[in-house]
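Encoded as structure tokens, the structure appears first; notes follow it.
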Amino acid sequence: MNVNQTLDALAMDLKRVAQGYYSGSEVMASRFVQEAFVRKEELRNSKLKPYLRKLLSKMDEVFKEKDHKKLAEDALMYSTLFQNASLKK
């Protein structure tokens, strides 16, 4: 998978995390949190812009949030940012 495809997959995983927590399906959301970490590891050695590296490093803090509604909002925001980055050439 190339970098743009991986960023897009990460965006979709984060969107599913947000949907899971919003709908109350914590099992589904936690599964996609695990998938998001897999995508993050895939991007570890990729050549990324500094702002994307910073977003990836802050992603860990998002998943430590105890308030699931806040976590869902943050996951949705990160999803949008990663999706926008995947669309750039």
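The values are calculated or read from the model by the stated rules, or taken from the named source; none is laboratory data. Bear in mind the structure is a predicted one, so any value in this text is a computation, not a measurement. Don't worry about glycine lacking a Cβ; one is built from the backbone with ideal geometry, like all the others, and counts go over all protein chains shown. Just the protein is used for accessible areas: all its heavy atoms, side chains included, with ligands, DNA and RNA removed. Shrake-Rupley method; radii C 1.70, N 1.55, O 1.52, S 1.80 Å.
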Which numbered condition residue 49 misses (of (1) open to solvent by less than 90 Å² (accessible area, probe 1.4 Å); (2) within 17 Å of residue 86 (Cα to Cα); (3) of a type outside the set (A, V, I, L, M)): (1)
Residue in segment 24-46 that is most open to solvent (accessible area, probe 1.4 Å), counting only those that are farther than 21 Å from residue 88 by Cα and polar (S, T, N, Q): 34
Where residue 21 falls short, out of the listed (1) open to solvent by 70 Å² or more (accessible area, probe 1.4 Å); (2) over 12 Å from the mean Cα position of the chain (by Cα): (1)
Residue that is surrounded by the most Cβ atoms within 10 Å (Cβ to Cβ), among those in segment 52-89 that are charged (D, E, K, R) and not in a helix (DSSP H, G or I): 65
Yes/no for residue 31 being at pLDDT 95 or above, more than 9 Å from the chain's Cα centre (by Cα) and of a type outside the set (A, V, I, L, M): yes
